[in-house]
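Read through the structure below, which is laid out as structure tokens, and then see the notes.
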Amino acid sequence: MDNQNINILIADDDETLCYLLKEELVNEGFNVEIVYDGKYAIGKLKKKKYDLLLLDLDMKEISGEDVLKFAKDNYPGLQIIVLTAKSAVRTAIDCIKMGAYDFITKPYDFDQLLVIIKRALEHKNLVVQNTLLKKKVTSVIPNKIIGDSKSIKEVLQLAEKSAISESNILLEGETGTGKELFAEFIHKNSNRNKKPFVAINCASLPDQLIESELFDYEKGAFTDAKTSKQGLVEIADGGTLFLDEIGELSLALQPKLLRFLENGDFRRVGGIANLKSNVRVIGATNKNLMEEAEQKKFRRDLLFRLNVITLTIPPLRERGNDIILLSEYFLRTKSSVRQPKKLSAEAKKALLHYGFPGNVRELEHTIERAIIFSEGEEIYPKDLNLPTSDFDFGIPGNLEKNKIFKLHDMERIHIKNVLDFYDWNRENTARALGISQKTLYSKILKYNIK
């Protein structure tokens, strides 16, 4: 644990004790500040993010118990150790029930206090990780990047070189190509790999929820804000924040993200204090953000902050035999039996001939369905149930000139076919295509699909 990044606030009206305690903690490498009354403790907490509060119960204007209640209501991630006289042990126990991590009686042994402090900080990290697991917005994806094609190897090499930098990264590519998987790859190969990787899909939540998820909020910021909560930028501090489908971020929220990218500053929803978090941002989009910027749909200055490094993830149809490698991987991982089913030669040919507008995610769902509905130990083309269209989705090089269609035409026809296949059930269609219902609805409007 790097003590230099740990901020501790001491709230105690005993000035001599505070001075001596601060000296000891500074010698251990901590950043330490002192206040002598509960009123000033609350003021400090509103203005700065602290990891630990050493709190005396007996203070003049505002008691330690009132400070504790305020802190737990507004800063649930803050660890609090109560400093108490021996005569007030019962009160200290009550404070633990209110949310304090532990207490220590005065006069105390510094080594003993240091042990409690380290345990409290370890507990904070566990809470953060647990919150991260609950908040992480992700799809079911393989635990490593599968592929042997030239195009995927080239991008992997660029991703590995990019990982060692601290620059923000923009991942471009069609829906379902595995942009989040590449973001995780970059994080794991970076110097931030021991800190959290936090992901959020910007297309899946309305503006107010995205802002509160990212930057957290103060108690009372809106109707349902009964308590404060940690935002993703705070949880990801020291690590990586992945913003999927960042092109869907509204123009109202873009300036707030830009400010955060410029200096790490942010404000909680309903708050007035500037807070800081040190994260690396990786954005991902299936849109051409330069075109979006020219059409005033995306801020140009935000784009330049994001795309210090830009990586383009190739679509599945350009990855050749990777389609078979991925299919066999999904057959192994999705099968509930020890001996997974196999692809027939005809099924392999059908997979290679199909263009997969939904890319890896669509292939994953195709194989999962085939495992369920196929009879016997071998999968045939009929089991794949690939959508048909007015033309063949052939791979480049196998198409006749009169059968080459523009990409948006392929996407429009494919979406129409899948909608028809699922009787226009948008939830099932979006799941099969590997996109959100919001994105599906946008594409239906864009292509005027009826």
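The values are calculated or read from the model by the stated rules, or taken from the named source; none is laboratory data. None of the values given here were measured: they were computed from a predicted structure. Positions of Cβ are generated from backbone atoms using ideal geometry, with glycine treated the same way; all protein chains shown enter the neighbour counts.
Numbers for the structure displayed
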{"quantity": "Restricting region 364-400 to residues that are more than 16 Å from residue 327 (Cβ to Cβ) and small (Gly, Ala, Ser), the residue that is modelled with the highest pLDDT", "calculated": "376"}
{"quantity": "Cβ pairs under 7 Å, 6+ apart, first in region 174-203 and in the same structural domain as residue 160 (by TED's automatic domain parsing) and over 20 Å from residue 126 (Cα atoms), second basic (Lys, Arg) and buried (at least 21 other Cβ atoms within 10 Å of the Cβ)", "calculated": "176/361"}
{"quantity": "Residue tally, condition in contact (Cβ under 8 Å) with a residue 12 or more places away in the chain, within 20 Å of residue 364 (Cβ to Cβ) and out of contact with any helix residue (DSSP H, G or I) (no Cβ under 7 Å at 6 or more places or on another chain), over region 407-432", "calculated": "6"}
{"quantity": "Top-ranked residue of region 158-182 - restricted to ones that are under 18 Å from residue 302 (Cβ atoms) and of a type in the set (A, V, I, L, M, F, W, C), ranked as surrounded by the most Cβ atoms within 10 Å (Cβ to Cβ)", "calculated": "171"}
{"quantity": "Selected residue (criterion: modelled with the lowest pLDDT) from residues of region 411-430 that are assigned to a loop (DSSP other than H, G, I, E, B) and not charged (D, E, K, R)", "calculated": "422"}
{"quantity": "The listed residue being modelled with pLDDT of 85 or more and more than 30 Å from residue 325 (Cβ to Cβ), out of 112, 129, 157", "calculated": "112"}
{"quantity": "Selection count, region 145-171, where residues are touching a strand residue (DSSP E or B) at 6+ places or on another chain (Cβ under 9 Å) and assigned to a loop (DSSP other than H, G, I, E, B)", "calculated": "4"}
{"quantity": "Wholly within region 13-93, strands (runs of 3 or more DSSP E) carrying at least 3 residues that are under 18 Å from residue 106 (Cα atoms) and of a type in the set (Val, Ile, Thr)", "calculated": "79-85"}
{"quantity": "Subset of region 427-449 (residues that are surrounded by fewer than 15 Cβ atoms within 10 Å (Cβ to Cβ) and within 25 Å of the chain's Cα centre (by Cα))", "calculated": "427, 428, 437, 441, 442"}
{"quantity": "Where residue 138 falls short, out of the listed (1) surrounded by fewer than 16 Cβ atoms within 10 Å (Cβ to Cβ); (2) of a type in the set (Ser, Thr, Tyr); (3) at pLDDT 80 or above; (4) under 30 Å from residue 332 (Cα atoms)", "calculated": "(3)"}
{"quantity": "Unique residue being surrounded by 14 or more Cβ atoms within 10 Å (Cβ to Cβ), of a type outside the set (D, E, K, R) and touching a residue at least 40 places away in the same chain (Cβ under 8 Å) when the list is 50, 36", "calculated": "50"}
{"quantity": "Residue in region 289-299 that is in contact with a strand residue (DSSP E or B) (Cβ under 9 Å, 6 or more places away or on another chain), under 21 Å from residue 234 (Cβ atoms), assigned by TED's automatic domain parsing to the domain that holds residue 182 and crowded, with 18+ Cβ neighbours inside 10 Å present", "calculated": "no"}
{"quantity": "Counted residues, region 333-363 - those being surrounded by 16 or more Cβ atoms within 10 Å (Cβ to Cβ), at pLDDT below 90 and hydrophobic (A, V, I, L, M, F, W, C)", "calculated": "1"}
{"quantity": "Region 313-332 - residue that is assigned to a helix (DSSP H, G or I) and among the β-branched types (Val, Ile, Thr) and, of those, surrounded by the fewest Cβ atoms within 10 Å (Cβ to Cβ)", "calculated": "324"}
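Conditions (1) in contact (Cβ under 8 Å) with a residue 24 or more places away in the chain; (2) over 19 Å from residue 275 (Cβ atoms); (3) among the hydrophobic types (A, V, I, L, M, F, W, C), marked per residue:
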| residue | (1), (2), (3) |
| --- | --- |
| 7 | yes, no, no |
| 13 | yes, yes, no |
| 19 | no, yes, no |
| 22 | no, yes, no |
| 43 | no, no, no |
| 46 | yes, no, no |
| 63 | yes, yes, no |
